[in-house]
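Here the structure comes first, spelled out in structure tokens, and everything after it is commentary.
The values are calculated or read from the model by the stated rules, or taken from the named source; none is laboratory data. Since we're looking at a predicted model, the values are computed, not measured. When we count neighbours, we look across all protein chains shown, and the Cβ atoms used for this are built from the backbone with ideal geometry, even at glycine.
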């Protein structure tokens, strides 16, 4: 498995969109907003690949000069439980540290809290609803 940065608009980015739509949006009856997708050109896009096929992805958005927010973490359902998410998280954290960030946070889906807790993240908010499902804010100091 190779972890790498994805260029916005590239063929790898198209694979990333398909994965995110399949795993995160379509099951909730949601679609991407073209304006939202255009704004992603400013974000750090990360993918896990086997050969030329994407297995998982996530993105990092700067909240402030010290903090990045992880968004759109997705691994194909049949590939979950094989260390892909953990590898992407480690890659994202190392990238954030290398770029001088001090913390990483996210809006985690309630069912994924256990995964992020194992990675050292702590819940820092009350539960709230986002994209029709329960979430919490989680954070880790880098």
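Looking only at the stretch 115-140, which residues are touching a residue at least 24 places away in the same chain (Cβ under 8 Å) and either over 18 Å from residue 93 (Cβ atoms) or more than 17 Å from the chain's Cα centre (by Cα) (or both)?
Once the filter is applied, which keeps residues that are touching a residue at least 24 places away in the same chain (Cβ under 8 Å) and either over 18 Å from residue 93 (Cβ atoms) or more than 17 Å from the chain's Cα centre (by Cα) (or both), the stretch 115-140 yields 131, 132, 133, 134, 135, 136.
Which residues, counting only those in the stretch 40-55, are surrounded by 11 or more Cβ atoms within 10 Å (Cβ to Cβ) and part of a helix (DSSP H, G or I)?
Listed by number, the residues that qualify are 40, 41.
Do you know which residues across the stretch 77-100 are farther than 19 Å from residue 40 by Cα and over 13 Å from the mean Cα position of the chain (by Cα)?
Passing the criteria: 77, 78, 79, 80, 81, 82, 83, 94, 97, 98, 100.
Go through the stretch 1-14 and count every residue that is without any contact (Cβ under 8 Å) to a residue 40 or more places away in the chain and assigned to a helix (DSSP H, G or I).
3
Looking only at the stretch 101-114, filter to residues that are under 15 Å from the mean Cα position of the chain (by Cα) and surrounded by 17 or more Cβ atoms within 10 Å (Cβ to Cβ); which one of those is nearest to residue 131 (Cα to Cα)?
Among them, the one singled out is 109.
Hey, can you tell me all the residues within the stretch 17-39 that are closer than 24 Å to residue 96 by Cβ, out of contact with any strand residue (DSSP E or B) (no Cβ under 7 Å at 6 or more places or on another chain) and surrounded by 10 or more Cβ atoms within 10 Å (Cβ to Cβ)?
Matches in the stretch 17-39: 17, 37, 38, 39.
Mind listing just one residue for me: the one in the stretch 73-86 that is in contact with a strand residue (DSSP E or B) (Cβ under 6 Å, 6 or more places away or on another chain) and either at pLDDT below 95 or assigned to a helix (DSSP H, G or I) (or both) and, of those, surrounded by the fewest Cβ atoms within 10 Å (Cβ to Cβ)?
Top of the filtered list is 79.
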